[in-house]
Amino acid sequence: MARRLALCCLACLTVAGLSGCESPGSADVTASGDALCAQIFSTNDTHGRLLPAVQSWSEGRPVGGSAALAAYVARERSSTPECPLFIVSGGDVMQGTLISNLTDGRSTIEAMNGIGYDAVAIGNHEFDWGVDVLVERVAEADFAMLGANVYLKDTDRHPDWVRPWTIVEKDGVRIGFVGMVTPSTPTITRAANVVDFDFRSISDALDRYVPVVRETGVDFVVAVMHEGAFCEDDVCEGRALEALAATTERFDYAVTGHTHSRVEAEVGGVPVIQSFSNTTAYGLGRIDRSADGTVSARRLGIRQVWADEIAPDPALEEVVASYTAGLSHLIDRIVVTLPEPLPAPRNGDFALGRIVADAQRHASGADIALMNNGGIRRPLPAGPVTYSDLFELQPFANMLIRHTMSGAQLLRTLEHSVRSSGDVDLHVSGITVRYDPEAPDGEQILEVTLEDGSPVRPEGRYEVTVNDFLSTGGGGYTTFAEAEAAEAVGLADLEALVSYLEAQPQPFPIPRDPRWLESPARSPRPSGETNPGTARRSLT
C-alpha cells in the first residue's frame with residue numbers, strides 16, 4: 001500500500017523555543033454581522049512541477065502535476081459550496097523542471113492562472129532568471145505576487161513591481177493576503193540578481209501591513225510566506241514560526257514554504273500549514289466568523305495529489321501539452337542506468353553529491369571540486385535516468401569556475417562547510433576530509449588528503465572548481481573572492497554531469513566510500529522527515 005501522509009492531529013502542536021500556544025478558536029472578536037466562512041487551499045514550492053511524476057515513496061503511482069491539482073481544487077470547491085475557496089502558494093513556483101525553465105517560468109504562470117491562484121508569496125528562486133524576467137512573470141500572472149518585506153536598497157520603498165498585500169473577494173467574503181520572502185534570499189540566490197534589494201524582517205512586514213489591510217474592512221487576514229519550518233512528532237520549529245510569534249498584529253491563518261516539509265502548527269492560536277513540495281500535496285484550512293463577530297480558524301489537513309485517483313482537468317492538460325510538445329527528445333532521453341536509487345538527504349556526505357562533484361572535477365581538469373548540497377535538488381531512481389531527471393537534479397544552469405587557491409583558503413572553505421549541527425554542506429572530489437564536528441569553530445578540519453595520499457598544505461597551491469553560485473559568495477563562501485586566479489570552464493553544471501555519466505562504464509560505479517570522515521565519530525542522528533513530497537532538507 002502506498003505510503004500515506006504522516007499527519008499530526010494534535011489540537012495545538014508544541015513550537016520549539018516559543019511559548020503561549022493558545023487553543024484554537026481564541027481569535028479576537030470583530031464587528032458583528034452575518035456569519036461567513038472561507039476555505040484556504042494552499043501549496044508551496046511547486047518548482048515548475050506541471051507534469052505528474054512517480055516519487056520514491058509513491059510505489060509506482062504518479063503524483064502531482066497541474067492538471068491533477070486543478071481537479072482537486074474543483075473537488076474541494078464543490079464539497080463545501082457555502083465557503084468560497086481561496087488558492088494561495090508559499091512561493092518558489094517556477095524554478096526546477098524542463099517544462100518550466102525552458103520558458104523562464106512562463107508555462108508555470110499560465111498553469112497557475114488556469115488553476116485560479118489568488119495570492120502567491122515571492123520565493124527566493126523567483127529571482128533566478130534576473131529581475132527583468134521576474135517582472136515579466138509578475139505582469140503575466142492573474143494573481144498577486146507578494147513581497148511585503150522586499151525593499152529597494154537602503155530605502156523604505158518597495159520596487160514598483162512588488163505588491164506587499166492584496167485583497168481578494170469571493171461570494172461576498174473579503175480576505176487580505178500579506179506575503180513575504182525569506183530574509184536569507186541574498187545569501188542563497190545569485191548575488192547579482194538581488195543586489196538592488198533589501199530583504200527585511202517578516203514580523204516587521206506583518207506588523208506594518210496587517211493594520212493597513214484590516215482598515216480596508218476585510219473579513220480575514222492571511223499571512224503567506226516563503227519561509228519555512230519543520231515538524232517532528234509533536235514539536236515544530238523554524239524561522240517561519242519564530243517570525244509569526246514575533247508579530248504583534250493579529251492575523252487569522254498562515255501558509256509557509258521554503259523547507260519542502262510538512263508543517264502543521266499553531267502560533268498564538270493561529271493555524272500554520274505547509275504542504276511538502278512539487279505539487280505532491282496541498283493544505284486545506286477553514287476560517288469562520290460567527291454572527292457575533294468571533295473569528296476562528298482551523299487546519300483541515302494536508303492531502304495527497306494522486307494523479308491516478310482523479311480525472312485531470314482537461315483545460316490544464318491542454319496547457320501543459322502545449323509546452324511539452326517538441327520536448328520528448330529531452331524529457332525521455334536516457335543518459336545513464338543506475339544499479340540502485342541515489343537519495344538526496346538534506347545534509348551530509350552522500351553518493352549522489354560525490355558523483356556531481358566528480359563530474360565537475362572531471363570536466364574542469366582541476367585538482368579538487370566542491371559542490372554545495374543546496375544545489376542538489378532531487379534523488380535519482382534506480383534503473384534508467386533521463387535527461388529530464390538530471391535537469392531537475394541541477395536546474396539552475398550554474399556555470400563552472402576554476403580557481404587557483406592556497407591551501408589555507410581551501411581549509412577555511414571546508415571549515416565554513418561544517419554546520420552548527422555537525423553536518424557538512426559541501427560535497428568534495430579529489431580530497432578526503434577528516435574533521436571533528438565538536439571542535440571549536442576554526443579548528444574542526446583536522447586533515448585534508450589528496451587522492452595520491454599527500455596532505456593539503458596551507459602554503460600549497462591548488463586548482464579548485466565550484467559553480468558560480470559559490471564562486472560569487474553564495475552560501476557565505478567568501479574565500480573564492482580571495483583566490484589568486486579564477487577562470488570560466490565554459491560549461492554549465494548540468495552539461496558536465498551529463499557528459500560525465502555518459503562516459504562511465506555500465507552499470508554505473510557508485511562511489512560508496514565517504515569523503516568526510518568524522519573524528520571522533522558521533523552516534524547517528526535521526527534522518528528527519530522522509531515522507532511524501534521530498535526528504536527533509538534545508539533547501540535554498
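Bear in mind that the values in this text are calculations on the coordinates, not laboratory data. Nothing here was measured: the structure is a model prediction, and the numbers come from that model. Cβ sites come from the backbone with ideal geometry, for glycine too, and all protein chains shown count toward neighbours.
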With charges only on Cβ, +1 for K and R and -1 for D and E, what is the dipole size of the chain about its Cα centre, in debye, rounded to 20?
700 debye
For region 169-186, Karplus-derived ³J(HN,Hα) couplings (6.51, -1.76, 1.60; θ = phi - 60°; whole Hz; x for glycine and proline) come out as 10, 9, 6, x, 9, 10, 10, x, 10, 10, x, 9, 10, 4, x, 7, 3, x
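Grab the eigenvalues of the alpha-carbon gyration tensor for region 14-320, scale each by 5, take roots, and send me the semi-axes largest first in whole angstrom. Don't jump to the answer; show the numbers that get you there.
Numbers: eigenvalues 143, 116, 71 Å².
Listed largest to smallest, the semi-axes of region 14-320 are 27, 24, 19 Å.
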Apply the Karplus curve 6.51 cos²θ - 1.76 cosθ + 1.60, θ = phi - 60°, to the phi angles in region 259-265 and return the couplings in whole Hz, x for Gly and Pro.
9, 6, 10, 7, 10, 9, 9
Within region 56-99, list the GluC sites (Glu not before Pro) lying in a DSSP loop whose Cβ has at most 13 other Cβ atoms in a 10 Å radius.
E59, E82
Distance in nm between pseudo-label sites at A439 and V212 (7 Å out along the Cβ direction from Cα)
5.0 nm
Nearest 20 debye, what's the magnitude of the dipole of region 330-518 about its Cα centre given +1 on Lys and Arg Cβ and -1 on Asp and Glu Cβ?
340 debye
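What number, in percent, do you get for the relative contact order of the chain if the mean sequence gap of Cα pairs under 8 Å and at least 6 apart is divided by its residue count? Walk me through the numbers on the way to the answer.
Details: 1344 pairs, mean separation 96.1, N = 540.
The normalised contact order for the chain reaches 18 percent.
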Give the whole-number value, in cubic angstrom per residue, of the convex hull volume spanned by the C-alpha atoms of region 330-518.
106 Å³
Charge-dipole axis of the chain as Lys and Arg at +1 and Asp and Glu at -1 on Cβ define it, positive-most pick from M225, L36, L410
L36
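GluC sites (Glu not before Pro), restricted to region 405-476: which are DSSP loop and have at most 15 other Cβ atoms within 10 Å?
On the way: sites: E415, E438, E443, E447, E451, E459, E463; in loops: E438, E443, E451, E459.
Sites meeting the loop and neighbour criteria: E438, E443, E451, E459.
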